[in-house]
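A short write-up of the structure that comes next.
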Amino acid sequence: MTSTSASIVILALYIGVATTLLASVDANAFLRAGVTGAKEQVRAIDVENALAAELADALGGGYGAEKLASVERALRPMFETLPKNEHGNLDRAVVRYALHRFFVKKHGWFVKGLESPESAQNVSSPTEILKDRVPFYIEGMFEQRFGGRGFDLRHLAILASTIEHLVHDEAMGRLQSSYLAHGLLLADSVTEQEAGDIIDAYMMSQILGINLTALNKRQLSRMLTTVGPKAYPGWADTQLWLRDMQGSVVYADRGASSPFVSGELSFPRLAHVVEEIGDRYGQFQDLECQGLKEALIEREGGMPGRVPLSDFYKTGLGGKFLFTESVEYLRELGALDESDPNMPSVVVPNYLYAKSNCLGKSSFYSVCCISQCEEMLSHLETSIATPTADSQKIAAIVAGMSSDTVDAPRNLSSSLLDRLDSIAQRHGGRVPLHGRLFAQWLHHAYPNECPYPQVMPTAVTQVDRKDQTLSQSEMSMWVENAIPIDEDAITDKDLPWTDVEDLLVKLEALPDDGTPSGVWTMLRNFGFLGALASLAVSVARTYRSAVSCSGGDNKFERYSV
């Protein structure tokens with residue numbers, strides 16, 4: 001028996017013990033994941049099974065191992081440049097930051113519970129993502145395994161894959177609800193037309209957060225033909241995209257699936273279509289984001305990446321784009337530039353990537369605009385491969401990077417080079433790639449793509465929902481009372497610069513570069529199996545404790561930009 005086979009056998013035994021113990025507990029103690037609602041929970045055994053499946057893939061072979069290896073490859077360039085702890089692993093705040101960027105780049109998902117870069121210094125558990133869905137003892141389970149030494153690349157990939165696994169499970173539950181709402185059983189085969197109706201209902205419930213199980217057929221039909229399209233103006237384009245996705249996935253599966261009669265489709269085939277829709281919807285939705293960006297840039301004032309507030313509302317009055325956010329809400333979103341009190345403006349990338357432009361009612365995530373700055377930062381990380389870099393090296397790379405609004409190659413301005421050098425001088429001659437000052441420098445280099453990192457107050461009062469948007473009359477007042485703009489005076493002004501640093505991890509905590517020896521790697525793998533054993537036993541014990549002690553409901557944490 002090979003070492004890999006032995007590992008899988010040991011793993012199966014541990015998982016079997018945990019699953020048996022968990023199954024013996026009253027399953028009604030926790031609620032299954034539903035389609036809507038801020039207090040929904042997923043059964044602990046479902047989360048344990050998802051984690052166990054990803055752990056098995058980590059040690060086994062086949063498609064699961066290939067998929068995990070693909071996640072590792074996607075994470076590696078960022079992982080190599082992120083600051084490590086004394087064990088060469090990622091600490092909690094860095095894990096949250098890494099996972100947030102991974103899901104935004106791959107899917108356009110803003111996963112609930114993960115921190116934004118501005119607040120990534122929060123040292124609470126990186127697995128808080130699971131708090132909204134799983135009883136509190138699961139967080140303790142992860143902390144027991146990962147809280148001491150941190151996450152290495154493999155563990156980070158497993159955690160990312162587990163989250164994707166849970167998202168997939170939720171999507172399957174929503175698809176099942178669509179079947180039931182149409183009066184169908186999961187064993188029924190459906191025509192391509194019926195499949196389209198099922199997928200439409202699935203997607204509409206995903207976008208608007210509608211509980212399909214509460215609808216009868218008449219209400220379902222009304223939702224798809226009247227209520228939904230009115231609530232979401234982009235529905236017609238979405239339907240066309242859904243049909244394209246359905247056709248392309250079904251066509252690609254034609255050789256791998258069993259023969260079907262008269263074009264009828266089974267639940268597993270529709271499940272594959274839905275899975276691909278979930279993976280690619282963020283890219284499709286980002287097309288609308290590009291339309292928003294173009295509309296804003298057309299109104300750009302004298303300073304790049306800035307739209308005067310009066311022009312922002314003037315565009316909103318045009319009706320095509322819903323630029324209706326109130327001043328207070330724009331401030332909360334971090335999208336308002338008030339460096340000149342007489343001429344407030346909207347920061348283009350901050351507005352694009354704000355939660356007000358997100359769609360979807362998944363219990364795990366929202367679909368938001370994909371950050372174009374992420375691609376540039378990823379390119380830098382791949383080229384540099386260390387947490388810090390010489391300012392000249394960064395300048396040379398950035399001078400060769402283009403964007404939608406910046407041509408390359410180019411000569412960086414003297415002010416850009418001077419500010420980059422000042423960041424390096426502040427940190428002993430090298431520029432940290434994951435700090436506020438460098439993010440601010442990237443905003444100056446790419447003002448329409450990279451967000452300005454606001455220096456947020458310690459306490460932010462959230463704006464009530466009723467005060468988040470302005471009426472047409474209120475927007476008209478802003479337009480009518482706007483102060484005339486002196487274009488020549490604005491052109492001479494620099495973008496705001498705040499000399500406040502906020503590093504992901506303190507530089508003195510960075511370890512020396514080094515590659516773990518083969519002995520250490522082997523010992524770490526043994527430790528991984530040992531930790532899995534303790535994980536399986538402790539989760540059963542903690543589960544029983546949680547069933548007897550847990551009495552409160554966990555509320556969803558709103559994602560803060």
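The values are calculated or read from the model by the stated rules, or taken from the named source; none is laboratory data. Keep in mind that what you see is a predicted model, and the values were worked out from it rather than measured. Quick reminder, even Gly has a Cβ in these numbers, built from the backbone with ideal geometry, and neighbours come from all protein chains shown.
The set of residues in the stretch 91-110 being within 13 Å of L159 (Cα to Cα) and not aromatic (F, W, Y) consists of R92, V95, R96, A98, L99, H100. Picking from residues in the stretch 151-207 that are under 25 Å from the mean Cα position of the chain (by Cα) and outside any helix (DSSP H, G or I), the one that is surrounded by the fewest Cβ atoms within 10 Å (Cβ to Cβ) is D152.
The set of residues in the stretch 344-360 being part of a helix (DSSP H, G or I), in contact with a strand residue (DSSP E or B) (Cβ under 7 Å, 6 or more places away or on another chain) and of a type in the set (S, T, N, Q) consists of S356 alone. Among the residues of the stretch 437-464, just one is assigned to a loop (DSSP other than H, G, I, E, B), among the polar types (S, T, N, Q) and modelled with pLDDT of 95 or more, namely N448.
Criterion applied to L377, L412, L420 was being buried (at least 21 other Cβ atoms within 10 Å of the Cβ) and free of Cβ contacts under 8 Å to residues at least 40 places away in the same chain, and the one residue passing it is L420. When the residues of the stretch 261-270 are filtered to those that are at pLDDT 90 or above and buried (at least 16 other Cβ atoms within 10 Å of the Cβ), the one that is nearest to P447 (Cα to Cα) is L270. Is it fair to say G334 is closer than 22 Å to T405 by Cβ, within 20 Å of the chain's Cα centre (by Cα) and in contact (Cβ under 8 Å) with a residue 12 or more places away in the chain? So G334 fits the description; yes. Set side by side, the residues V307, V227, V274 differ, and just one is at pLDDT 90 or above, farther than 30 Å from A160 by Cα and outside any loop (DSSP other than H, G, I, E, B), which is V307. Being within 30 Å of D286 (Cα to Cα) and at pLDDT below 80, is that true of even one residue in the stretch 476-493? No: zero hits.
Considering (1) touching a Phe, Trp or Tyr at 6+ places or on another chain (Cβ under 8 Å); (2) surrounded by 23 or more Cβ atoms within 10 Å (Cβ to Cβ); (3) modelled with pLDDT of 90 or more, the lone condition that V348 does not fulfil carries the number (1). Residues in the stretch 301-317 that are under 13 Å from N448 (Cα atoms) and within 28 Å of the chain's Cα centre (by Cα) were compared, and the one that is surrounded by the most Cβ atoms within 10 Å (Cβ to Cβ) is R306. For the stretch 293-304, a residue qualifies if it is part of a helix (DSSP H, G or I) and under 11 Å from V347 (Cβ atoms), and exactly one does: L296.
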